[in-house]
Number of protein chains: 2
Amino acid sequence: MKAWQELTITVHREAEEAVSNLLIEAGSQGVAINDTADYIGQEDRFGELYPAVEQSEMVTITAYYPSSADIDDIRQTINQGLNRLKQCDVELGELTLTNQELAEEDWADNWKAYYEPARITHDLTIVPSWTDYEATAGEKIIRLDPGMAFGTGTHPTTKLSLFALEQVLRGGETVIDVGTGSGVLSIASSLLGAKEVFAYDLDDVAVRVAKDNIALNQATDNIHVAAGDLLKGLTQEADVIVANILADILVHVTADAYRLIKSEGYLIMSGIISEKLDMVKQAALNAGFLLETHMLQGEWNALIFKKTDDLSGVIGG
Amino acid sequence: MKAWQELTITVHREAEEAVSNLLIEAGSQGVAINDTADYIGQEDRFGELYPAVEQSEMVTITAYYPSSADIDDIRQTINQGLNRLKQCDVELGELTLTNQELAEEDWADNWKAYYEPARITHDLTIVPSWTDYEATAGEKIIRLDPGMAFGTGTHPTTKLSLFALEQVLRGGETVIDVGTGSGVLSIASSLLGAKEVFAYDLDDVAVRVAKDNIALNQATDNIHVAAGDLLKGLTQEADVIVANILADILVHVTADAYRLIKSEGYLIMSGIISEKLDMVKQAALNAGFLLETHMLQGEWNALIFKKTDDLSGVIGG
């Protein structure tokens, strides 16, 4: 009976996605997230059922590694990544890192729920790479290695980014995807008719993961992935820039985004925890953007900004 | 040279859509809305350009009637409608009602901007009934008489409702459209794959307007329009209920909606001005719904609630 090693880390909610990516890049097949905020707003109906859920700023993220993996190496890799995040002023809170052995059956049970096609929007469905899935008319399929896709692929920050892309893309656009991660937003942009997609992530490991996922999908020759430090030094203009990254990083993107986005183009920013919303919004307004749409699920916010001089088209038009 | 009569009314922003509908039902080909809130959030960049836009709770709505129409009759009809709104506790603010003659050319210039196809989402485009418009692959066309459609059809409350329908509809659903107005949300639901759509509005005049618009569109035999007082007395269950009406009316819909919506179904509520948001949200939570997504454009909010016992599926799932 093959065993799995379970590694658990507790961090500030805001670092949830960045740390999830760290755990996955260190070799985990995915992560499970336990967040007390998932229960917020349920008090009215479930007050009697869930009286004990104490609200916390911290979330617990669990990752799984094969028993053959050297857990000390993995811990070292993760600690290095956490130190990088700290240097970016990401609030991590107090870290705890524990690991335990887990039997194959337990692991399979834990993950079964994630191994299913997830229809995220009317047109976009995320499907595990090995699954046979028959698309209905008009349905667009994003094939992803579930290591990256599930647990993070159906996260509110990704869902809201996909909603936003559907709202602004019409076909023929040039799109820049900042901090592409799994590549899911680049694949979606291509499926929604973008002519060219330029995807960037920080290092070669992240770029390889994105390329592997993109290669699972047909007709994605129009997606170009490269290592890059946000939008710094880019000269490629775009109709749409999408950035699903941490709020503290987003504020460093807005000025470059305004420089690169064509007139009447859009900046989509997601991954914004509510307490950082005003900071990100102000950065984009200062850069010259106008806010068109704000979406939120639980604690997570996404903003759609427009670069335009035509006020009438923005609100109420 | 044919002349037009211009009628202007100033009301509280919250009553904007209800009063627009009144003016249109009284025979106007459409309305023009002037709202100072359209300039909110633009101060950062345009502070020097628009220093004189004083923020106000009031909006000015302008409607146009043929010179042959009896403007006194029209004023009486509108005043009766305004009295009905007052009885529903709709805050109208101080009313002013003026009218002046307008030359044909002025009228045509004023309206030109509205006489164009408007691609609202990735898939949905609203097209004036007489226009030849060639749909691109996957694009779904909503044909509307611009009397109803333009000026109100591209209003944020309608846009957000259409975004929400795209997010929750997958095909095969039964949809109830409360306060259907122009019928635009019923037509959209049908285009997005709903099996049956039941549309209701308060009186026979509104029902006729909706039926006329629906008849402009192909394959809408699955839309059934009838007069009805919100959801009172209905027994027809639904997968999705959409209500794009005033916040003060929405709070009277939530309990009936919870009764009629099937497990795992959705309630979409739009037309909610920010100051009434908490009131509407609380009414839906009290009825038993869980909040999934909140969207806003300017002062206008839309909420997507789910009827479910599965907490994990609501946020972060």
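The values are calculated or read from the model by the stated rules, or taken from the named source; none is laboratory data. If you're wondering where the values come from, they're calculated on a predicted model, not measured in any experiment. FYI the Cβ positions are ideal-geometry reconstructions off the backbone, even for glycines, and counts take in every protein chain you see.
Quick notes
- Considering (1) within 23 Å of residue B:273 (Cα to Cα); (2) within 13 Å of chain A (Cβ to nearest Cβ); (3) not aromatic (Phe, Trp, Tyr), the lone condition that residue B:182 does not fulfil carries the number (2).
- Taken over region A:167-181, the criterion of being under 17 Å from residue B:136 (Cβ atoms) and hydrophobic (A, V, I, L, M, F, W, C) is satisfied by A:168, A:169.
- Among the residues of region A:277-305, the one identified as under 26 Å from residue B:291 (Cβ atoms), touching a helix residue (DSSP H, G or I) at 6+ places or on another chain (Cβ under 7 Å) and surrounded by fewer than 19 Cβ atoms within 10 Å (Cβ to Cβ) is A:279.
- The C-beta contact set for region A:260-273 (first residue of a type in the set (Asp, Glu), second residue assigned to a strand (DSSP E or B), distance under 9 angstrom, 6+ apart or interchain) comprises A:264/A:239; A:264/A:306; A:264/A:307.
- Restricting region A:231-255 to residues that are modelled with pLDDT of 95 or more and charged (D, E, K, R), the residue that is surrounded by the most Cβ atoms within 10 Å (Cβ to Cβ): A:239
- For region A:285-306, the set of residues classified as assigned to a helix (DSSP H, G or I) and either modelled with pLDDT under 95 or facing chain B (nearest Cβ under 8 Å) (or both) consists of A:285, A:286, listed by residue number.
- Qualifying residues in region A:188-201 (those that are buried (at least 18 other Cβ atoms within 10 Å of the Cβ) and in a loop (DSSP other than H, G, I, E, B)) - the one nearest to the other protein chains (Cβ to nearest Cβ): A:192
- Matching residues, region A:226-249, being in contact with a Gly (Cβ under 7 Å, 6 or more places away or on another chain) and either assigned to a strand (DSSP E or B) or free of Cβ contacts under 8 Å to residues at least 40 places away in the same chain (or both): A:238, A:239, A:240, A:243, A:244
- Taking the listed residues B:81, B:47, B:30, the one that is at pLDDT below 70 and surrounded by 15 or more Cβ atoms within 10 Å (Cβ to Cβ) is B:30, with no other qualifying.
- Lone unmet requirement of (1) over 20 Å from residue A:166 (Cα atoms); (2) within 11 Å of another protein chain (Cβ to nearest Cβ) for residue B:167: (1)
- Residues in region A:176-209 that are under 19 Å from residue A:266 (Cα atoms) and among the charged types (D, E, K, R): A:177, A:195, A:196.
- Scanning region A:162-213 for residues that are touching a Gly at 6+ places or on another chain (Cβ under 9 Å), free of Cβ contacts under 8 Å to residues at least 40 places away in the same chain and under 19 Å from residue A:128 (Cβ atoms) returns A:182, A:210, A:211.
- When we screen B:262, B:276 for residues that are out of contact with any Lys or Arg (no Cβ under 7 Å at 6 or more places or on another chain) and under 18 Å from residue B:89 (Cα atoms), the only hit is B:276.
- Candidates A:258, A:266, filtered to the one that is among the hydroxyl-bearing types (Ser, Thr, Tyr), modelled with pLDDT of 95 or more, closer than 23 Å to residue A:187 by Cα and not in a loop (DSSP other than H, G, I, E, B): A:266
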